[in-house]
């Protein structure tokens, strides 16, 4: 079995959901961020590119879009347009109800 061990794929790494904010310029470069450094840059770049694409599309369609809210089952992304750039807030949703006191 040792001969076939090179075919085994590594298990995907689980990433905890981020909580924080970031500010990007019109090119997608991150200017400031409070996201944890453990959150992969590839995911940050993907989120930023999609948000900027939505704001650019709204501008080209001449639709006034100042804020964009994206709700996933476990993550909420709020983005605000900043003269071509954007400020993004990422908040994980809790899966349990708050406890009674």
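The values are calculated or read from the model by the stated rules, or taken from the named source; none is laboratory data. Just so it is clear, the model here is predicted, and its values are computed rather than measured. Note that each Cβ is placed from the backbone with ideal geometry, even for glycine, and that neighbours are counted across all protein chains shown.
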All positions within the stretch 36-66 that are loosely packed, with under 11 Cβ neighbours inside 10 Å and farther than 19 Å from residue 17 by Cβ
60, 61, 62, 63, 64, 66
Contact list, first residue from the stretch 81-101 and surrounded by 14 or more Cβ atoms within 10 Å (Cβ to Cβ), second anywhere and at pLDDT below 85 and outside any strand (DSSP E or B), beta-carbon distance below 6 Å, six or more apart or interchain, is 90/18
Starting from the stretch 54-73, keep only residues that are over 17 Å from residue 27 (Cα atoms), then list their pairs with residues that are outside any strand (DSSP E or B) whose Cβ atoms are within a distance under 6 Å, requiring at least 6 positions of separation or different chains.
65/58; 68/54
Of everything in the stretch 16-35, what is surrounded by fewer than 13 Cβ atoms within 10 Å (Cβ to Cβ) and over 13 Å from the mean Cα position of the chain (by Cα)? Give them in sequence order.
27, 29, 31, 32
